[in-house]
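The values are calculated or read from the model by the stated rules, or taken from the named source; none is laboratory data. Remember, it's a predicted structure, so these values are computed and weren't measured experimentally. Note that each Cβ is placed from the backbone with ideal geometry, even for glycine, and that neighbours are counted across all protein chains shown. All accessible areas refer to the heavy atoms of the entire protein, side chains included, with ligands and DNA or RNA removed. Shrake-Rupley method; radii C 1.70, N 1.55, O 1.52, S 1.80 Å.
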Amino acid sequence: MNVALLGADLRVITRGVALSIVLLLEIVAIDAAYSFRDAAAGDAPYWQLANETLQIFIYASLYASMAFCVLAFAQAHTIFSAWIAASKRHPWLPWFVAQTFVFALVLVLQSLMQGGAEHPPWALFSLWLLGCGALVACAALALAPWAFWREQGQRHAANALAAMIAGLSIYMAIAAARESWRELSSATLSASYWILNLYEPGAVMDQTARVLGARGFQVVIDAPCSGYEGIGLVLGVLGFYIFAFRRDLRFPAAFILLPIGAATIWLLNALRLALLVSIGAHVSPDLALQGFHSQAGWIFFLVVTISLMVLAHQTPALRADPKRVQPDPALRLAAALLIPFAALMASRIVGSIFGAEPSWPSVLAIVLPASALLVFRREIGGQLERLGLEPVVLGLAVGAFWIVTHDPNQHGFVLGRWLEAQPAPAAGAWVVLRIIGFALIVPLAEELAFRGYLHRALIGRHFDKVTPHAFGWLAFIGTTLLFGAPSTMAERRGGGAVFAIALYRSKSLAGPIAAHIVANATIALLRGRDRALGFALRQNTKGAGVIRRP
């Protein structure tokens, strides 16, 4: 591996990240200082129309950008490599200086434009728009030369057009949903009451106040509960699925997935509200509102979208080729690497339904990823090869670093109090299951997804053809950042980098898995020790209280 070449690539990547952050901060500053409502002078209808149109354009462009990123993800490695090659000798500094100057000018124009003039400041507004466009153009040319953008524009013109249509459609759908949520919430309220009334004799409903309840527990079915967000998410995901697999699906039959998905998620949302009321009335209001309310929606969303996508591939009437084809080995391998992690995420969602306190459902939910690992054990075993001592040492280093940077008694007392209330055999079984999940199941599922699949997918489109320990800056940085995304702790991102190093050094997926298992096992042993000390401390305190009692 050429060290000088890697150094040049790293400089380009660092510069690109810094320039992108600067542009985002500038956009945030402009957006914070500009108000679409307050910008209008008086009640000038054309001025208001111009600002409303600008607002639509900005939000539609934002949605279109996200859609384009999704569509272009399959070619991310090619685009990234082309950008690196085009930007190595690119004179970026003059464009960055021009970008800074234009940004200052835009802020000045913005302050003058919103200075409370009696008439709409059309001239300043026009200059401000030109300045915003020039700002984006200078930022783009600071990131890469014009030839790069022209080549990518020609190559991805179809995706860009599809993304623009998707962005405008998403904005219109959201706007329509906001306007019609009252009617939708009324229908959702009626459906939830009908379901609840099937098994709750004391169910009550107030259409005027939008209240649903039973046995003294009541909730208000407002905009967030109406179901339009779930419908929008399902339609968006299924729409992208239909577009991405347009060569494998039969049209117009495939479009039936959209109304089926929308209707199904709406009915499940009504069921969710009925169950929420029942949990609040019979189990715990806190559990209903803090756990089940927020997580059940995501569970139903995943169930609907994944089920319909699987159904589309299994239904001859929806496939372009009705004949059943042999399963793709690459698809089977991708499933083996990703499904355990998806099951792990599902188990965490299921556990969070029961709140942040320790509970039996939260620990038993680890059965989901464990079952997935068992189903794909042959495919996973084929990815594991030689293992030396070095990954174990790296894992011990990660665990030790976590130990010295965390409060040892931060999490012990809540769990200790809960375990006190359990019978001794049950408490022991709970602790054993928790350690198995944290120290074995979690590392396996996470490393298979991040270092097993995502790392290779960021290097080559056909990930199964990429050597597991192949190096790429995008793969190294991307997996490290995404591995730390669920947490704000820098230690997790640092751990992701160390596990990637274990992959490169061991030249096998077994390396990061072993390092992750050792790290988590070290942390688990520390937690167990501190919780035992916390339990003993409470017992001694109780005893001292008894002795001092007169």
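Residues that are at pLDDT 75 or above and among the charged types (D, E, K, R): find the helices (runs of 4 or more DSSP H) completely inside segment 1-103 holding 3 or more of those.
Answer list for segment 1-103: 3-33.
Looking at the structure I just gave you, is ALA254 within 22 Å of SER192 (Cα to Cα), open to solvent by less than 20 Å² (accessible area, probe 1.4 Å) and in contact (Cβ under 8 Å) with a residue 40 or more places away in the chain?
no
Go through segment 189-215 and give me each residue that's closer than 17 Å to PRO285 by Cβ and either at pLDDT below 85 or part of a strand (DSSP E or B) (or both).
GLU200, GLY202, ALA203, VAL204, VAL211, LEU212, GLY213, ALA214, ARG215
Consider only pairs whose beta carbons are under 7 Å apart and that are at least six residues apart or on different chains; among these, list those whose first residue lies in segment 324-337 and is outside any loop (DSSP other than H, G, I, E, B) and whose second residue is surrounded by fewer than 18 Cβ atoms within 10 Å (Cβ to Cβ) and at pLDDT 80 or above.
ARG332/GLU379; LEU333/GLU379; ALA336/GLU379
Please go through segment 452-484 and give me each residue that is open to solvent by less than 30 Å² (accessible area, probe 1.4 Å), touching a residue at least 60 places away in the same chain (Cβ under 8 Å) and assigned to a helix (DSSP H, G or I), ordered by number.
GLY452, PHE463
Considering only segment 94-121, state which residues are more than 17 Å from ALA33 (Cβ to Cβ) and touching a residue at least 40 places away in the same chain (Cβ under 8 Å).
Step one: filter segment 94-121 for residues more than 17 Å from ALA33 (Cβ to Cβ), giving 94-99, 101, 118-120.
If the condition is that a residue be more than 17 Å from ALA33 (Cβ to Cβ) and touching a residue at least 40 places away in the same chain (Cβ under 8 Å), then TRP95, PHE96, ALA98, GLN99, GLU118, HIS119, PRO120 are the ones that fit.
Modelled with pLDDT of 70 or more, in contact with a Phe, Trp or Tyr (Cβ under 6 Å, 6 or more places away or on another chain) and open to solvent by 50 Å² or more (accessible area, probe 1.4 Å), is that true of LEU338?
Judged against the criteria, LEU338 is a match.
Select, from VAL237, VAL219, the only residue that is hydrophobic (A, V, I, L, M, F, W, C), within 22 Å of the chain's Cα centre (by Cα) and modelled with pLDDT under 85.
On inspection, the qualifying residue turns out to be VAL237.
Taking segment 135-152 on its own, how many of its residues are open to solvent by 40 Å² or more (accessible area, probe 1.4 Å) and either among the aliphatic types (A, V, I, L, M) or in a loop (DSSP other than H, G, I, E, B) (or both)?
Within segment 135-152, the subset open to solvent by 40 Å² or more (accessible area, probe 1.4 Å) is 136-137, 146-147, 149-151.
Still in the list and also either among the aliphatic types (A, V, I, L, M) or in a loop (DSSP other than H, G, I, E, B) (or both): 136-137, 147.
Final tally of qualifying residues: 3.
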